[in-house]
Amino acid sequence: MSTTTRTSTVDRFFDAVVERQASVYDTMRSTNERSHRFSRSLLEGARQSNRDWTEVGRRWLINPTDLVGVYEAMSEAVGNQQTRALALAREWIEDVVESQRESREVLKQGIGDWREAIESVQANAPTFLRRTGWSRQNSDKQPQAGAEK
C-alpha cells in the first residue's frame, strides 16, 4: 500500500468519524429542541387552565346565584383542559416517535460505516493474514489452531 493510498484511507476514516459525530450531535440537538417545545406547551397549557378556572371564580363571585353561568364556565374549563391534555399527549407521542426514528437512522448509518470499514480492512489486508480457512461466506468453520496453508 502506498503512502498516498494510506493517507487517503486515513482521511476517509476520520472524515467518516467527524460525519458520524455530527449526526449524533444533530440528533441530540433536535431531541433537546423537541423537549423544549414540549415544556413550553406544558407551561402554556397550565397558564390557560389557570385563566379558565379564574373565569369560573370571577363568574361565581360576580353573580353567585347564576348557577347556569357558573356551570357553563366550569364545563368550558374542564373541556378545554381535556382538549389540552389530549393535544399534549399527542405531541409527546409524536416527539418520542421522531426521536426513535432519528436515533435508529444514526445507529444504522454508524453500523453501516463500521461494516464498510471492516470490509475495506479485510480486502486490503496482506495475503498472509487472509490465508486462514475462515471467511464471512464460511462463518461456521473457524480457523484451526496451528493449521496454516
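The values are calculated or read from the model by the stated rules, or taken from the named source; none is laboratory data. All of these numbers come straight from a predicted model, not from anything done at the bench. Cβ coordinates were reconstructed from backbone atoms using ideal geometry, including for glycine residues, and neighbour counts include every protein chain displayed. All accessible areas refer to the heavy atoms of the entire protein, side chains included, with ligands and DNA or RNA removed. Shrake-Rupley method; radii C 1.70, N 1.55, O 1.52, S 1.80 Å.
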Checking L42 against (1) free of Cβ contacts under 8 Å to residues at least 24 places away in the same chain; (2) in a helix (DSSP H, G or I); (3) open to solvent by less than 100 Å² (accessible area, probe 1.4 Å), which single condition isn't satisfied?
(1)
Would segment 85-104 turn up any residue that is hydrophobic (A, V, I, L, M, F, W, C), open to solvent by 80 Å² or more (accessible area, probe 1.4 Å), within 30 Å of G57 (Cα to Cα) and not in a loop (DSSP other than H, G, I, E, B)?
yes
Within segment 65-80, how many residues are within 18 Å of R47 (Cα to Cα) and either of a type in the set (A, V, I, L, M, F, W, C) or modelled with pLDDT under 95 (or both)?
4
Among the residues that make up segment 85-96, is at least one of them under 30 Å from D113 (Cβ atoms), in contact with a Lys or Arg (Cβ under 7 Å, 6 or more places away or on another chain) and not β-branched (V, I, T)?
yes
